[in-house]
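The structure appears right after this line, and notes come after that.
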Amino acid sequence: MPGKLVAEIVTLRSLQTLLQQIEAEISTYSLQKEEYSELLGNFLRDAEEKYGDEDWFKEFSLENISGDKPKKDDSKKKSDKKKKKKKKKGGSDSWVPFKSLELSSSVQGEAEIMFETLQEITEKLEALEESKESIDELRNVGLGNEVVYVCYVKDGVISKIVLKSVDSDEISKFTFNMGFSKAHILAQNL
């Protein structure tokens, strides 16, 4: 699954192939998450001596320890998270708007982008895992080999699948062509 486009359509004849592509994406994002987590850990250790007493540093350290993942039923944490997002998008003290970008030259800005990157990767991994589980369940239904899967992929994650029955004439043509190809190869070898 290329995952480079915002949205794409992928047509496959095998759920196994689809699962293999999703597993490859999960592996890639997991490695990326490990690398960024290590980078963030090193960054926090290096910055602790100089910025350890500052509020923003304490906040980031607490988020890192707790995983920055609010519970669904905890409305206070939800509102706090929304406030943080508004503050970041609205321009915290460390960010200066420049056209469609935000610029920062502070250590706090660097910490923010590391946390945001890890959060996005974690969300992507969760979406890929959910997609993988759904495909596994679909595979257990046992649709057989006479199905074409037309998949809508948004931001690298499958969200919709159209199941199309393969035309019986198309199957026989494929079978005939395969037989012809094998016979042709055998004739060449003799």
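The values are calculated or read from the model by the stated rules, or taken from the named source; none is laboratory data. Because the structure is predicted, anything quoted here is derived from the model rather than measured. With ideal geometry, Cβ positions are generated from the backbone for all residues, glycine too; neighbour counts draw on all protein chains shown.
Values as computed for the structure displayed
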read-out: Of all residues making up the range 102-120, the number that are acidic (Asp, Glu) and modelled with pLDDT of 90 or more; value: 3
read-out: Where residue 150 falls short, out of the listed (1) over 21 Å from residue 57 (Cβ atoms); (2) surrounded by 14 or more Cβ atoms within 10 Å (Cβ to Cβ); value: (2)
read-out: Answer from 71, 99, 33, 88 - the residue that is among the basic types (Lys, Arg), touching a helix residue (DSSP H, G or I) at 6+ places or on another chain (Cβ under 8 Å), over 30 Å from residue 165 (Cβ atoms) and modelled with pLDDT of 90 or more; value: 33
read-out: Tally, over the range 7-44, of residues that are closer than 19 Å to residue 138 by Cβ and not hydrophobic (A, V, I, L, M, F, W, C); value: 9
read-out: Neighbours by Cβ (under 9 Å, 6+ apart or cross-chain): first from the range 129-154, aromatic (Phe, Trp, Tyr); second surrounded by 14 or more Cβ atoms within 10 Å (Cβ to Cβ) and part of a helix (DSSP H, G or I); value: 149/15; 149/18; 149/138
read-out: Some residue of the range 53-65 being loosely packed, with under 15 Cβ neighbours inside 10 Å and modelled with pLDDT under 50; value: yes
